[in-house]
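The values are calculated or read from the model by the stated rules, or taken from the named source; none is laboratory data. From a predicted model like this one, the values you see are computed outputs, not experimental measurements. In this analysis, Cβ positions are derived from the backbone assuming ideal geometry, glycine residues included, and neighbour counts consider all displayed protein chains.
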């Protein structure tokens with residue numbers, strides 16, 4: 001086994017991921033846990049990090065690069081924001097060193113859009129963008145990053161020009177668990193109902209103002225016509241994603257299509273949604289993108305500086 | 001005190017209201033409680049009704065007319081639906097008598113829109129509509145009935161032609177209590193912030209597809225620019241109501257404006273919203289409308305038939 005050069009950490013609100021990486025960028029070991037920012041704020045960030053570093057037998061001197069909510073005001077050490085228009089290269093330059101630690105631990109800042117009419121923030125996604133787009137992509141990219149709080153980003157030549165957060169994932173969660181519609185989806189199985197999902201995406205995309213009505217039809221349809229809990233769940237999911245796409249696609253879409261940074265089930269779901277609207281996507285795996293972004297930043301901060 | 005002619009009951013999901021009414025339509029006594037359909041399904045509908053009738057000293061023979069969720073499948077006795085296009089006069093003709101009760105107790109049906117593309121149901125609102133519009137209004141009415149599940153109704157000549165339910169109130173409740181935005185609104189006081197509310201209504205009306213983004217700005221704005229919890233709450237409320245209005249007002253609006261059937265705080269809120277969009281409203285008090293609707297139906301069922 002080659003020597004590790006650094007550890008890369010994606011520390012989100014509710015998840016923690018660590019990769020042990022060598023100088024060539026190869027992953028030597030990795031860890032995953034649910035000790036996200038919310039959990040670590042109680043048990044202590046240094047202890048959580050130390051336990052995972054010990055588990056992969058990281059040397060004492062090994063530097064660690066962190067992105068995500070660990071850099072929030074309510075996180076470990078506040079890492080601030082790079083303001084839009086934000087060059088992705090500026091993100092790694094503003095990394096904040098964690099004080100009082102013998103080890104060199106740095107946390108990457110987020111990106112802020114200080115526009116009074118459309119204020120917005122991201123933390124963690126900037127690193128995914130770096131991994132997906134690189135420091136200096138030529139041309140324009142329209143990026144969709146689905147999740148609890150989906151981000152739609154417009155970038156040009158390595159600069160994040162503007163972005164919007166949509167609470168799509170969190171809305172789906174509370175609507176399907178905490179409202180009257182929870183009865184309509186109760187007992188839904190894991191099997192996909194792609195036809196119901198695509199129909200809901202199209203209906204919501206065509207009439208986004210009717211979102212709160214289209215959601216309710218999941219219940220009315222069951223009362224009047226029957227229908228499975230799975231179909232009702234796909235209606236909720238498709239409606240919320242369809243409304244998001246109506247907003248995200250309301251501007252100019254680059255000829256190459258939308259860059260979709262997502263993993264697993266969410267990637268499949270959004271590909272169905274874009275497909276329903278006949279919009280081309282360039283898929284990028286989100287897990288890989290964040291790891292690559294952390295590696296690019298770590299290489300720029302440590303590997304190269306040691307080479308000099 | 002004159003003799004009571006009947007008792008009128010509005011039995012909703014979470015509230016119970018009873019009026020003791022004489023032949024001239026005058027209210028002799030009234031009761032209010034939170035023994036709605038959900039509570040009464042556990043303790044028993046007959047017992048709840050009996051206790052309130054006893055409290056107003058209703059005679060044993062006094063007939064009772066009920067509207068609302070007591071007629072749902074999960075209520076007391078299922079009262080079915082009148083299908084759209086639904087003459088309001090048909091509602092009282094399809095009242096269902098509760099079996100096994102010595103007293104003449106009847107439950108009014110709801111209205112169903114059996115349209116596969118836009119299925120919808122109402123139960124209770126049909127009686128408010130009857131009270132607000134009468135059996136045979138000439139001309140067209142566009143009616144907004146705000147609530148947990150707001151209804152927008154198009155009626156012409158006493159016939160409900162079509163309607164749409166919007167989960168606006170319930171969405172506001174779960175979004176402000178169960179999502180990350182609960183932190184932004186925590187500690188909001190009761191004082192209204194009409195300017196923030198109207199600004200949010202206008203923004204959402206202009207760009208309804210951005211609803212899930214406009215909601216999130218309540219948090220981003222606080223992070224980047226500060227701002228009170230009350231302003232954040234008004235942003236959530238105004239965004240959700242603005243999206244509802246964008247849908248409700250998307251068709252032809254009658255020259256007289258929108259008939260707004262609402263009471264109390266909700267009536268004030270929606271009047272501000274319509275005002276922000278310079279839309280004329282004809283306000284009708286919702287409590288009065290349901291009582292008047294029940295009285296019209298009761299008079300038609302009992303008073304008049306005894307007059308013959």
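Could we say that residue A:54 is out of contact with any strand residue (DSSP E or B) (no Cβ under 8 Å at 6 or more places or on another chain) and in contact (Cβ under 8 Å) with a residue 40 or more places away in the chain here?
Considered against the rule, which asks whether it is out of contact with any strand residue (DSSP E or B) (no Cβ under 8 Å at 6 or more places or on another chain) and in contact (Cβ under 8 Å) with a residue 40 or more places away in the chain, residue A:54 comes out as no.
Among the residues that make up region B:45-57, is at least one of them surrounded by fewer than 19 Cβ atoms within 10 Å (Cβ to Cβ) and under 22 Å from residue B:300 (Cα atoms)?
No.
Could you identify the single residue in B:169, B:238, B:248, B:139 that is farther than 30 Å from residue A:81 by Cβ, at pLDDT 95 or above and either away from chain A (no Cβ under 12 Å) or crowded, with 23+ Cβ neighbours inside 10 Å (or both)?
Going through B:169, B:238, B:248, B:139 in turn, the sole match is B:248.
Sort out which residues of region A:256-273 are surrounded by fewer than 22 Cβ atoms within 10 Å (Cβ to Cβ) and assigned to a helix (DSSP H, G or I), and write them in order of number.
Answer for region A:256-273, where residues must be surrounded by fewer than 22 Cβ atoms within 10 Å (Cβ to Cβ) and assigned to a helix (DSSP H, G or I): A:264, A:265, A:266, A:267, A:268, A:269, A:271, A:272.
Which condition number does residue A:259 fail, the rest of (1) within 30 Å of residue A:66 (Cβ to Cβ); (2) in the same structural domain as residue A:186 (by TED's automatic domain parsing); (3) at pLDDT below 95 being met?
Checking residue A:259 against (1) within 30 Å of residue A:66 (Cβ to Cβ); (2) in the same structural domain as residue A:186 (by TED's automatic domain parsing); (3) at pLDDT below 95, the one that fails is (3).
Any idea which of B:225, B:216, B:197, B:210 is buried (at least 24 other Cβ atoms within 10 Å of the Cβ) and over 26 Å from residue A:177 (Cβ atoms)?
That would be B:197, the only listed residue that is buried (at least 24 other Cβ atoms within 10 Å of the Cβ) and over 26 Å from residue A:177 (Cβ atoms).
Residue by residue through region B:180-220, note down the ones that are at the interface with chain A (Cβ under 7 Å from one of its Cβ atoms) and at pLDDT below 95.
B:180
For every residue, the table says whether it meets (1) surrounded by 15 or more Cβ atoms within 10 Å (Cβ to Cβ); (2) within 14 Å of chain A (Cβ to nearest Cβ).
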| position | (1), (2) |
| --- | --- |
| B:100 | no, no |
| B:106 | yes, no |
| B:110 | yes, yes |
| B:120 | yes, yes |
| B:123 | yes, yes |
| B:128 | yes, no |
| B:131 | yes, no |
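On the given criteria, is residue B:49 touching a residue at least 40 places away in the same chain (Cβ under 8 Å), under 18 Å from the mean Cα position of the chain (by Cα) and not in a loop (DSSP other than H, G, I, E, B)?
no
Please go through region A:274-287 and give me each residue that is at pLDDT 95 or above, within 27 Å of residue A:67 (Cβ to Cβ) and out of contact with any strand residue (DSSP E or B) (no Cβ under 7 Å at 6 or more places or on another chain), ordered by number.
The answer is A:285, and nothing else.
Taking only region B:75-98 into account, find how many residues are crowded, with 24+ Cβ neighbours inside 10 Å and either at pLDDT 95 or above or within 14 Å of chain A (Cβ to nearest Cβ) (or both).
2
May I ask you to verify whether residue A:66 is under 14 Å from residue A:299 (Cα atoms), assigned by TED's automatic domain parsing to the domain that holds residue A:13 and part of a strand (DSSP E or B)?
yes
Kindly list the number of the only condition in (1) more than 7 Å from chain B (Cβ to nearest Cβ); (2) in contact (Cβ under 8 Å) with a residue 24 or more places away in the chain; (3) closer than 29 Å to residue A:88 by Cβ that fails for residue A:156.
(2)
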